[in-house]
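Only one structure is covered here, and it is reproduced in the block below.
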Amino acid sequence: MSEATEAARPPAGRAGPAKLTAHDIAGPIFERESAHSDGVQTHLHMLESTEKAFASGFYKSEAMDAPIDSYPYDEFCYFTAGSLTLTSADGGTQSFVPGETAFIPKGWKGRWTTPGLSKFYAIYTAGGPN
């Protein structure tokens, strides 16, 4: 793990702001012990509200093409690497590359297609997780 990644963490047992460098966001952040991976997707929650309705962090995915029957939460995404194409159930298509943002509403239906991507996310689930 990089020194910058270690330095970005608040001290153990103490809540506080965390700074992440461009270097960390480019990849080393996913090496943290707190990152969870299934081999295709890696999630790293950085902040979660007390009532668990709001969460933010980083996400990385290998190539994926998946139908979405009902998006589980409202999400803001800022892409840092790769690309994503969202095809809505009505046939409308939006593509995203690094430096661009997406706003995906809860309940959205469509298809999620990526050759691989990394993104910062902020999600909100009214009433907390189901």
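A few comments on the model shown:
- Failed item in (1) over 25 Å from Ala18 (Cα atoms); (2) in contact (Cβ under 8 Å) with a residue 24 or more places away in the chain, with Ala122 passing the rest: (1)
- Residue list for segment 21-40, restricted to those being more than 15 Å from Ala81 (Cβ to Cβ) and either of a type in the set (A, V, I, L, M, F, W, C) or touching a residue at least 40 places away in the same chain (Cβ under 8 Å) (or both): Ala35, Val40
- Listing of strands (runs of 3 or more DSSP E) fully contained in segment 21-130 that carry 1 or more residues being hydroxyl-bearing (Ser, Thr, Tyr) and either in contact with a Cys (Cβ under 8 Å, 6 or more places away or on another chain) or surrounded by 15 or more Cβ atoms within 10 Å (Cβ to Cβ) (or both): 41-48, 54-68, 74-88, 101-104, 110-124
- When Glu62, Glu100, Glu75 are checked against the criterion of being of a type in the set (D, E, K, R) and touching a Gly at 6+ places or on another chain (Cβ under 6 Å), Glu62 stands alone in meeting it.
Residues checked against (1) on the phi < 0 side of the Ramachandran plot; (2) at pLDDT below 95:
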site	(1), (2)
Phe58	yes, yes
Ser70	yes, no
Gly99	no, no
Thr125	yes, yes
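- Close pairs from segment 64-75: first within 19 Å of Asp38 (Cβ to Cβ), partner exposed (fewer than 10 other Cβ atoms within 10 Å of the Cβ) and modelled with pLDDT under 95, Cβ under 8 Å, at least 6 apart: Pro72/Asn130
The values are calculated or read from the model by the stated rules, or taken from the named source; none is laboratory data. What you are looking at is a predicted structure, and each value in this text was computed from that prediction instead of being measured. Positions of Cβ are generated from backbone atoms using ideal geometry, with glycine treated the same way; all protein chains shown enter the neighbour counts.
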